[in-house]
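In what follows, a structure is listed as structure tokens, so that the remarks can point back to it.
The numbers here are math on the coordinates, done by the rules we state, and not lab data. Not measured: the values here are computed from a predicted model. Backbone-built Cβ (ideal geometry, glycine too); neighbour counts: all protein chains shown.
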Amino acid sequence: MADIIQVKNVYKSYWRDSFETSVLHNISLTIKEGEFLALMGPSGSGKTTLLNLISGIDKPTKGDIIVNETDISKLGESSLAKWRSSNIGFVFQFYNLIPVLTAYENVELPLLLTKLTKTERKQHVETALNIVGLGDRMEHYPKQLSGGQEQRVAIARAIVTDPIILVADEPTGDLDKNSADEILTLMDRLNKEFKKTIVMVTHDPNAASKAHIIKHLEKGDLIRESV
Amino acid sequence: MKILKLIIKNTLRHKLRTLLTIFGIAIAVIAFGLLRTVVTAWYSSEKATAPNRLIVRQAVSFIFPLPYSYLEKIQRVPGVKEVTFANWFGGTYIDKSQFFARLGVDADTYFDVYNEYLLPKDELATFKKERNSCVIGVDIAKKYNLKIGDVMTLEGDIYPGSWEFVVRGIYKPKYEYTDATQMLFHWSYLDERMKQDMPGRAGDVGWYIVLIKDASQSAVISKEIDELFANSPAETKTETESAFQQGFIQSSSAIITSMNFISFIIIGIIMLVLANTMIMAARERTREYAVLKTLGFSGKHIAGIIMGESLFISALGGILGLLLTYPLVAAFAEVIPKGMFPIFQIEPITIILAVGTVLLIGVVAAIFPIQRAMRTNIVEGFRFVG
């Protein structure tokens, strides 16, 4: 399998007033296509920051990040936005659905940036919602769905553009055990059946157990890897 | 299309807040429309002027009279086609709140010079024959339910005493902006009473109206007329009818300036109301904008969504305000004394200004929230706790 994500000597620091806070120090890692990787570590260890860098929603202070043969650390804002829309699917802890849009409309959102026709968009949205088992909840608004169902809509939104990589930040962090298991099963299926490369940040060892590789961060350093 | 749907749904997210903002804008647009209508009504008298009519008045002030003897001299000036004259009567009809112009005029010539007052030939002929008759504008006839043959009694102030006039004609305006709120009677009837009661004021004319053959000669003819009476006890000032009306308007310039100023204050208030709503809305949606950016929506998309919502709210408020302004202006036109604003209606310029202002406000109110949304990066957006 080819390396789909290469993180090379990456540093990241933030400025708060006049204080520089270093979050990641000289991180290097590679993720192969089709892998399911979990990033674990205590709060403040830099795992979400690393995920943000890999998914192109933040930029490194130093170092290179090559994803699917593109050095995303060199891209400008608009190119990066375009790149994200076609390469990355996002799943967040708090689902982050737009409350005034139905499940169908939420899933359709990323497709509005493509040149697909209305009929083609409809096909894609229905397929994505059927994959996550919510084909019968298309016209429901987020507030009419349970937490688990909302997260499944968010996953449908993440896969509707058929991205090569899924990034998930604590996808089960706000769910009860049953719902969390459903989501993890779904992610496992997306990895195995649909060959999605998944990078997941989690605190939960049960969630991490679904991954092929677990990388542990502490205070901005990768300290170990378990398989 | 889907983005438009999102804009509309966002607008309705806080229905009460949006409704209050829309009503706020609507009320401000109504106030703006009413004030602008008053201002345009003030200037409307200038529209009713003719370029080939000159007004000859006392040089010191309009309130001082001119001698009747000037008539023949003015008639002889080259380029003059017709001369008529009028006197401001004032007085009270019914009560002091009933305001409209009451003028003593030269019955033989007045309607020749003011051909925009459309009076049937038979009514004009009767008016000319009967010295205590009067002609009234159709608006006055409607307001006081007056018909031909009715008697109007005026209580004089400038010309003391009780004055009775028989309505012998009702004129209609030729143009939309022609004043249809005047009462015109024989100057000679007035002068007769003055000869008897106050001989010192007999033979006084308020002002002359000179119809000239060629409007382009107005300056030359004005100069010639004024030169005729130079160094006399009653020197004249001759100017075009338009300049004469502008002089009247200028005397009220402080009020008009205040109204213009207030109308712009109102624009500022609308802007603050909408800007406040948009800032709150954008702040609440900081996280959603971060989500949209994450999904690949650009800063331009986010700006479009915010701008669209701002314009949508301002347009709704503007439309509601304009729709309500029409009946309100019509109601005001009924209530205010006819003679004060003969033409009290919404002019196209008021609509253009209101629409332009509302659109401008929609754009300006969105600028700060757009700036904020564009400046906030995705990571900060997700960390934001509203």
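A straight chain from B:Ser251 to B:Asn145 at 0.36 nm per residue would run longer than the Cα-Cα distance by 34.8 nm.
Its Cα centre serving as origin, region B:65-233 has a Cβ charge dipole (Lys and Arg +1, Asp and Glu -1) of approximately 240 debye. If every alpha-carbon in chain B counts as one equal scatterer, what log10 I(q)/I(0) does Debye give at q = 0.07, 0.11, 0.12 1/Å? Computed log10 I(q)/I(0) values: -0.49, -0.83, -0.92.
Cβ-to-Cβ counts within 10 Å put A:Glu170, B:Glu176 in ascending order as B:Glu176, A:Glu170, the fewest first.
Per residue and in Å³, how big is the convex hull formed by the alpha-carbon atoms of region B:39-92? Could you put the intermediate results ahead of the total?
Numbers: hull volume 7.4 nm³, N = 54.
Given the Cα convex hull of region B:39-92, per-residue volume reads 138 Å³.
For region B:199-249, applying the loop criterion from DSSP together with a ceiling of 14 other beta carbons within 10 Å to the trypsin sites (Lys or Arg not before Pro) yields B:Lys213. Evaluated on region B:65-233, the Kirkwood hydrodynamic radius is 16.9 Å, with distances taken between all distinct Cα atoms.
Counted over region B:65-233, the DSSP beta bridges are approximately 70% antiparallel.
For the residues A:Leu97, B:Leu4, A:Leu134, B:Leu184, what sequence is obtained by ranking on other C-beta atoms within 10 Å, fewest first? Intermediate results must be reported in sequence, preceding the final value.
Numbers: A:Leu97 25, B:Leu4 12, A:Leu134 21, B:Leu184 28.
Arranged by neighbour count, lowest to highest, A:Leu97, B:Leu4, A:Leu134, B:Leu184 become B:Leu4, A:Leu134, A:Leu97, B:Leu184.
Using 15 Å as the cut-off for backbone N distance, which residues of region B:25-54 belong to the label zone defined by a point 7 Å from the Cα of B:Ile265 along Cα→Cβ? Only B:28, B:31-32, B:35-36 pass the distance filter.
The trypsin sites (Lys or Arg not before Pro) found in region B:139-177 that occupy coil by DSSP, while having at most 10 further C-beta atoms within 10 Å, are B:Lys147. Within the shell defined by Cβ-Cβ distances under 15 Å, the residues around B:Gly203 carry a net charge of -2, with Lys and Arg each +1 and Asp and Glu each -1.
Rounded to the nearest 500 deg cm²/dmol, what is the calculated helix-only ellipticity per residue at 222 nm for chain B, with -39500 (n - 2.57) per DSSP H run of length n ≥ 4?
Working: 14 runs with 213 residues, N = 386.
Calculated from helices alone, the mean residue ellipticity at 222 nm is -18000 deg cm²/dmol.
Could you estimate the translational diffusion coefficient of region A:61-167 from the Stokes-Einstein equation, with Rh from the Kirkwood formula over C-alpha pairs, at 10 °C and 1.306 mPa s, in whole µm²/s?
On the way: Rh = 14.5 Å.
Taking Rh from Cα pairs, D becomes 109 µm²/s.
Ignoring GluC sites (Glu not before Pro) that are buried or in helix or strand per DSSP, and keeping those with at most 14 other beta carbon atoms within 10 Å, what is the longest stretch of chain A between them? Walk me through the numbers before you get to the answer.
On the way: sites that count: A:Glu69, A:Glu139, A:Glu193.
That would be A:70-138.
Once divided by 2.2 N^0.38 Å, the Cα radius of gyration of region B:120-169 becomes 1.17.
For region A:43-110, trypsin sites (Lys or Arg not before Pro) meeting the loop criterion (DSSP other than H, G, I, E, B) and having at most 15 other Cβ atoms within 10 Å: none.
Per the Cα gyration tensor, the protein assembly as shown maps to an equivalent ellipsoid with semi-axes of 85, 24, 18 Å, ordered largest to smallest.
The ranking of A:Asp221, B:Asp179 by Cβ neighbour count inside 10 Å, starting from the fewest, reads A:Asp221, B:Asp179.
How high is the relative contact order of region B:1-144, in percent, with contacts defined as C-alpha pairs under 8 Å that are six or more residues apart?
Numbers: 55 pairs, mean separation 15.0, N = 144.
Averaging sequence separation for qualifying contacts and normalising by length gives 10 percent for region B:1-144.
Using the rule -39500 (n - 2.57) for each DSSP H run of four or more residues, divided by the residues of chain A, the 222 nm mean residue ellipticity is -9500 deg cm²/dmol. So for region A:103-170, taking the charge dipole from beta-carbon charges (+1 Lys/Arg, -1 Asp/Glu), which of A:Asn106, A:Gly148, A:Val167 sits furthest toward the positive end? It is A:Asn106, whose Cα lies furthest towards the positive end.
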